[in-house]
Each structure stands twice: as C-alpha cells, then as structure tokens.
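The values are calculated or read from the model by the stated rules, or taken from the named source; none is laboratory data. In this text, all values refer to a predicted model and were calculated from it rather than measured experimentally. Positions of Cβ are generated from backbone atoms using ideal geometry, with glycine treated the same way; all protein chains shown enter the neighbour counts.
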Amino acid sequence: MHFNHSSGAGVLTRARSVWRDYLSLTKPRIVALLLLTTLTTMLVAGETFPPVDILIWTLLAGALAAGGAGALNCYFERDLDALMLRTRQRPLPAQRLIPKQALYFGLLLSIFSVFLLWSTVNPLTAWLALGGIAYYILVYTLWLKRRTPHNIVIGGGAGAIAPLVGWAAVTNSLEPMAFLLFAIIFYWTPPHFWALALKIKGDYALAQVPMFPLVYGDQATRRHILSYSIPMVILTLLPIVLEEFDLFYGVMALSLGGTFIYYAVQLCRRRLIRDAERLFHYSLIYLALLFLAMVIDRIPVLLLF
C-alpha cells in the first residue's frame, strides 16, 4: 500500500489552519491580559500563596470563559468584521469557518468554563464568570456596541470582572480591595480603547459603529482620554492609603501613572496619530506592570507559604 506523503502533509496543514482559526476566535491577546490580571489578583488576595490547584483550575477556566466570550463576539459581530479592514480577514468574514462553528465553539467553551469553576473552585467564581460572559455579549456586543458612543465606557465592566474572579477564587468572597481593582480596570478601558479608536476610526465609519471619535470628534475624545486617565491613576494610589501595599507598589503606581498622564497630555496637545498609537501600546504595558507591581510588593508575604 502506497502512502501519499503530499496528501498527508496537506491534511496536516489544513488541520493546523483550522486550529489557528479556532484559536483566533478566542482573541488570545485579550485572554492573556485577562489571565494576567486574574493571576496577579489571586496572588495578592490572600494572606499566603494560594493553593496550586485553585490557581490552575481558575486560570484554565478563566481562559475558557474569556475565549468563549471572544468566539461569541466574533459570531455576533461577523457582519461588522466583514466591513472593517482590520478584521475582514478573521475566520468568519473570510469564510474559513461558518458562523455555526463559532457559535457552538463559543457556547461550549463558555458553558464548560462555568461548570469547571463551579466544580473545582467555588460557585461564586462561576457566577462571576457567567456574569462576565453575559455582560460582554448581551450588554456590550448586542446592546451597546451599535447604539451608543459610550459603548466602551459601560461595556468596559466585562473585562474588569477578571480580578473579581481571581479574588473570589482565593477567598470565596468579595472585599473592597477586589472592587477597587475592578474600578482601576474599568477606568483604564476607555483611554486604552479610545486611543485605538482614534487610529482606526475609518474602519468604524465603514461599519457605521458609533465610536466616540466619530460622534464627538477627535479633540473631544482626547480630552475624555485625559479625563479618565486622571481618576484611574488616583484609584491606583488608594491601595497605599488603605495600607494594602507598601513602598515598591507606591513608587511603581506613581511612575507608571505619571507616564500614562504625560502621554495623554501629549495626545491632547499635539493631536498626532502616533501619540494615540503610543498611548494605546503603553496602556497595555501599564496595566501589566501595575498588577505585577502588586505581586512583587507582596513577595515577602507570599514566601511565607
């Protein structure tokens, strides 16, 4: 019996392509950022290092929940994605996958993630994850996205649920510090996303999505970026006032936040697209380093486990 090596290689290549398409539906970069905020919150929520099994199950289920929500978002926004240059090569608008595949994949990941959290962590984390998925799909994707320029302000609550999940996984409760972390991400989201929207507003115009720059103009968007950045930085300093963290976190929060506001001011003054790009990219680094600073600040306590 003769084996056709070229045929076998073709099947393998096709399988890899399909795998990559399913993976792209989950929006891996967003998943990674959500997992980072979840993990760092878990490391600072308790008095000692959290149980390893709780860490693993929470992060696995969190990845499935975020990925499932991303896939469902791709399903419901496939018509918009087909109109925008930035997204028209995604699996659904490019017709590499059919809509039902994305729908079933998203539902499977979402349902399994909630079941996993309920059975291996605690019911509170499961309810929070389910709430995050529902908020992202029902409130942001289906209700706000196409109707109001304030879509990302209200919709930002979906991503901000990640630290609540992390906190609840370790403590089986929600304390004021958990909601403060929620608030930090909630205020971070509009400056982060509006900076991107300034760059790609032409895409949103093609899709007729009422993003803030299209409705209120670029300069109003720049001012709002600054107006959200200032309270965000103030919120990041409250853990010092509450004596949750010490000097290292305080120095990092001040320096990172000062840089964020500097970039926002520069964006208002110079009105250049490259300043919007710089703020967008820095905002990702900012959030990651801020939450990592919380963990580094707590290292002496964590080593006691």
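When T141 is tested against (1) at pLDDT 95 or above; (2) under 18 Å from V31 (Cβ atoms), only condition (1) is not met. Out of curiosity, is D53 surrounded by 15 or more Cβ atoms within 10 Å (Cβ to Cβ), in a helix (DSSP H, G or I) and charged (D, E, K, R)? No, not satisfied. Screening the range 233-274 for residues that are touching a residue at least 40 places away in the same chain (Cβ under 8 Å), not in a helix (DSSP H, G or I) and not hydrophobic (A, V, I, L, M, F, W, C) and picking the one that is nearest to L196 (Cα to Cα) gives R271.
Going by the conditions given, is L117 of a type outside the set (F, W, Y), out of contact with any Leu (no Cβ under 8 Å at 6 or more places or on another chain) and in contact (Cβ under 8 Å) with a residue 24 or more places away in the chain? Spell out how you get there, then give the answer.
Details: of a type outside the set (F, W, Y): yes; out of contact with any Leu (no Cβ under 8 Å at 6 or more places or on another chain): yes; in contact (Cβ under 8 Å) with a residue 24 or more places away in the chain: yes.
Yes.
Sub-7 Å Cβ pairs linking a first residue in the range 211-230 that is in contact (Cβ under 8 Å) with a residue 60 or more places away in the chain to a second residue that is outside any helix (DSSP H, G or I), at least 6 apart or interchain, are M211/P149; F212/P149; V215/P149; Y216/P149, ordered by first then second residue. Starting from the range 146-167, take each residue that is at negative phi and among the charged types (D, E, K, R) and list its partners that are buried (at least 20 other Cβ atoms within 10 Å of the Cβ) and assigned to a loop (DSSP other than H, G, I, E, B), counting only C-beta distances under 7 angstrom and pairs at least six apart or across chains. Pairs that qualify, where the first residue is at negative phi and among the charged types (D, E, K, R) and the partner is buried (at least 20 other Cβ atoms within 10 Å of the Cβ) and assigned to a loop (DSSP other than H, G, I, E, B), are R146/V209.
Put simply, of Y136, Y204 the only residue that is under 14 Å from the mean Cα position of the chain (by Cα) and not polar (S, T, N, Q) is Y136.
For the condition crowded, with 18+ Cβ neighbours inside 10 Å, at pLDDT 95 or above, over 28 Å from A205 (Cβ atoms) and over 18 Å from the mean Cα position of the chain (by Cα), F105 qualifies.
Can you name every residue in the range 56-69 that is surrounded by fewer than 23 Cβ atoms within 10 Å (Cβ to Cβ) and either of a type in the set (G, A, S) or closer than 15 Å to L130 by Cβ (or both)?
Quick first cut of the range 56-69, residues surrounded by fewer than 23 Cβ atoms within 10 Å (Cβ to Cβ) only: 56-57, 59-60, 63.
Matches in the range 56-69: A63 only.
Pairs are defined by a Cβ separation below 6 Å, a sequence spacing of at least 6 or placement on different chains, a first member in the range 98-112 that is more than 19 Å from G131 (Cα to Cα) and in contact (Cβ under 8 Å) with a residue 60 or more places away in the chain, and a second member that is crowded, with 16+ Cβ neighbours inside 10 Å and aromatic (F, W, Y); the pairs so defined are A102/Y75. Of the residues making up the range 57-89, those that are closer than 14 Å to T125 by Cα and aliphatic (A, V, I, L, M) are L59, L60, A61, A63, L64, A65, A66.
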